[in-house]
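Data block below; observations after.
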């Protein structure tokens with residue numbers, strides 16, 4: 001199943017990386033069209049063989065709304081994941097040193113990938129407003145790991161459990177809104193959020209009967225809408 005997504009970031013390279021993250025694809029599996037090189041840069045990344053629009057669309061119902069969100073995870077070997085763990089630690093240690101920020105990097109490896117936890121004092125500075133700084137650190141880490149290992153990174157960066165708590169909050173709110181949509185038959189908008197967070201909502205609601213999800217809006221106003229099926 002193919003997919004297409006438009007993303008934006010300060011640079012073209014970062015926008016492409018974010019799109020690949022949403023699609024769960026490698027550079028070899030997609031075609032890239034640069035829509036704007038200005039700040040923010042904007043790109044459209046399409047999985048080869050795809051004929052439609054929308055980053056979350058795999059199958060469409062009669063209303064043209066996505067029936068479910070498709071995500072294809074690249075399977076890496078134990079050796080590849082371990083190499084990514086080492087590259088992750090190396091990059092984050094160097095980044096924290098460069099920032100003159102006292103924090104420890106704890107890297108955990110599983111069959112699902114790599115989770116790097118940053119632990120220290122005053123970590124709110126690295127989380128940023130609504131997790132924006134943390135997201136930027138994660139994007140940079142994934143880019144560095146991909147450059148180092150050559151494989152698409154299965155790496156997540158968290159700070160004292162913030163990312164996991166944020167994910168749980170998003171999932172809970174999405175499920176609550178989905179129930180309201182099923183009861184009222186009226187679509188519900190979620191607030192604007194980055195592609196990685198929209199992807200979380202798409203995934204958790206993909207198994208909920210009676211609702212479908214779609215992203216709408218442009219740039220900073222890009223948000224997710226929950227529709228009755």
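The values are calculated or read from the model by the stated rules, or taken from the named source; none is laboratory data. Please read all numbers here as calculations on a predicted model, not as lab measurements. All Cβ positions, glycine included, derive from the backbone under ideal geometry; neighbour counts span all protein chains shown.
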| request: From (1) closer than 17 Å to residue 21 by Cα; (2) surrounded by 17 or more Cβ atoms within 10 Å (Cβ to Cβ), pick out the condition that doesn't hold for residue 150. | output: (2)
| message | Out of the strands (runs of 3 or more DSSP E) lying entirely within region 1-58, which hold 3 or more residues that are under 18 Å from residue 223 (Cα atoms) and modelled with pLDDT of 75 or more? | response | 4-9, 41-47
| What is the number of the single condition among (1) more than 27 Å from residue 83 (Cβ to Cβ); (2) surrounded by 17 or more Cβ atoms within 10 Å (Cβ to Cβ) that residue 144 does not meet? | (1)
| Restricted to region 133-160, and to residues that are without any contact (Cβ under 8 Å) to a residue 24 or more places away in the chain and farther than 16 Å from residue 89 by Cβ, which residue is nearest to the chain's Cα centre (by Cα)? | 136
| field | Criterion violated by residue 109 - all others in (1) assigned to a helix (DSSP H, G or I); (2) surrounded by 14 or more Cβ atoms within 10 Å (Cβ to Cβ) satisfied | value | (1)
| note | All-but-one check, residue 213 against (1) more than 30 Å from residue 92 (Cβ to Cβ); (2) surrounded by 17 or more Cβ atoms within 10 Å (Cβ to Cβ); (3) out of contact with any helix residue (DSSP H, G or I) (no Cβ under 7 Å at 6 or more places or on another chain), failing number (3)
| request: Take region 90-106 and flag every residue that is in contact (Cβ under 8 Å) with a residue 24 or more places away in the chain and surrounded by 16 or more Cβ atoms within 10 Å (Cβ to Cβ). | output: 91, 92, 95
| If residue 222 satisfies every condition in (1) modelled with pLDDT of 85 or more; (2) surrounded by fewer than 20 Cβ atoms within 10 Å (Cβ to Cβ) but one, which is the exception? | (1)
| request: Confirm whether residue 176 is in a helix (DSSP H, G or I), outside the structural domain of residue 95 (by TED's automatic domain parsing) and over 19 Å from the mean Cα position of the chain (by Cα). | output: yes
| task | Examine region 148-157 for a residue that is in a helix (DSSP H, G or I), out of contact with any helix residue (DSSP H, G or I) (no Cβ under 7 Å at 6 or more places or on another chain), in the same structural domain as residue 110 (by TED's automatic domain parsing) and closer than 24 Å to residue 79 by Cα, and state whether such a residue exists. | result | no
